[in-house]
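Only one structure is covered here, and it is reproduced in the block below.
Derivation of every value follows stated rules applied to the coordinates shown; laboratory data play no part. Here the structure is a predicted model, which is why all the values come from computation and not from measurement. No Cβ is skipped: glycine too gets one built from the backbone with ideal geometry, and neighbour counts run over all protein chains shown.
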């Protein structure tokens, strides 16, 4: 049954994505804020499919902690899930992402329309400066700048591998940072076909006010995100009935 439900969801998810990629073409002509609402509607439709077909629900804790206006959002990254689900939690979100994604037909056009912030990872320090300037401009327009501090998906339970770019952004933006913890990798494992039924839990943590040094912020943000994510991981393991050995096996499988 798990295989069948996962198969049905994956077929429906990508069919729905293709449909929205076509339907959104006229959206390139509307104001950006309107386009963001269209993108959020697609994300909601994907979450609905996940709940109905795979039996995977969502629980968001701390939604009231999201401040109004511009902010930096530093989120744990375990799965493809948060690349679209987090869009539904914020009023005017955008992502820090690698530049190559902007070159993909249709998908890249929409990233451009949404005002995403591209990063040329091969450009070194100049790329960091360009990214920071663009992110600051977007934040000053009241947007929430979403970044995955580890840069790539990490299996749940894997040692953290935070990059220092998030501290550079925090120091230069002058906006609060919203840490976000989650356990999505248990239910939507990276590089795996299976979608497990249960409850993906997301926790919005207390914002970190601007003004800390880079080092203080870097340590504090990592501690908050990791402590909360570990707690959510334990909750998910109990829900799924996974032993420590089973979880270690799942982590190893997702590294392949």
### Query
Which part of segment 215-241 falls in the paramagnetic zone of residue 192, meaning amide N under 20 Å from the point 7 Å along Cα-to-beta-carbon?
229-241
### Query
So for 60, 87, 73, fewest C-beta neighbours within 10 Å to most, what's the order?
60, 87, 73
## Note on the structure
Relative contact order in percent for the chain (Cα pairs under 8 Å, 6+ apart) equals 25 percent
### Query
By counting other Cβ atoms within 10 Å of each Cβ, how are 226, 150, 59 ranked from fewest to most?
59, 226, 150
### Query
Each label point is 7 Å from the Cα along the Cα-to-Cβ direction; what then is the distance between the points at residue 219 and residue 3, in nm?
5.1 nm
### Task
Give the percent of DSSP beta bridges with both residues in the chain that are antiparallel, rounded to the nearest 5.
15 percent
#### Entry: Virtual spin-label span in nm between residue 29 and residue 230, 7 Å along Cα→Cβ
5.4 nm
### segment 45-148: relative contact order as a whole-number percent, Cα under 8 Å and 6+ apart
39 percent
### Task
Quick one: grab the alpha carbon gyration tensor of segment 18-91, order the square roots of its eigenvalues as a ≥ b ≥ c, and give me rounded if a/c is under 1.5, else prolate or oblate depending on whether a/b is larger than b/c.
oblate
### Task
Report the label-to-label distance for residue 64 and residue 52 in nanometres (one decimal), using points 7 Å from each Cα along the Cα→Cβ vector.
3.2 nm
### Task
Averaging sequence separations of C-alpha pairs under 8 Å and six or more residues apart, then dividing by the length of segment 1-83, give the relative contact order as a whole percent.
38 percent
### Query
What does the helix-only formula give at 222 nm for the chain: each DSSP H stretch with n ≥ 4 adding -39500 (n - 2.57), the total divided by the residues, and the result rounded to the nearest 500 deg cm²/dmol?
-14500 deg cm²/dmol
### Message
Could you list 22, 96 so that the one with the fewest beta carbons within 10 Å of its beta carbon is first and the one with the most is last?
### Response
22, 96
### Task
Label segment 61-191 by shape, choosing from rounded, prolate and oblate, from the square roots a ≥ b ≥ c of the eigenvalues of the Cα gyration tensor; if a/c is under 1.5 it is rounded, and otherwise prolate applies when a/b is larger than b/c, oblate when it is not.
rounded
### Message
Need one word for the chain: rounded, prolate or oblate. Basis is the Cα gyration tensor (sqrt eigenvalues a ≥ b ≥ c); a/c below 1.5 gives rounded, then a/b vs b/c decides.
### Response
oblate
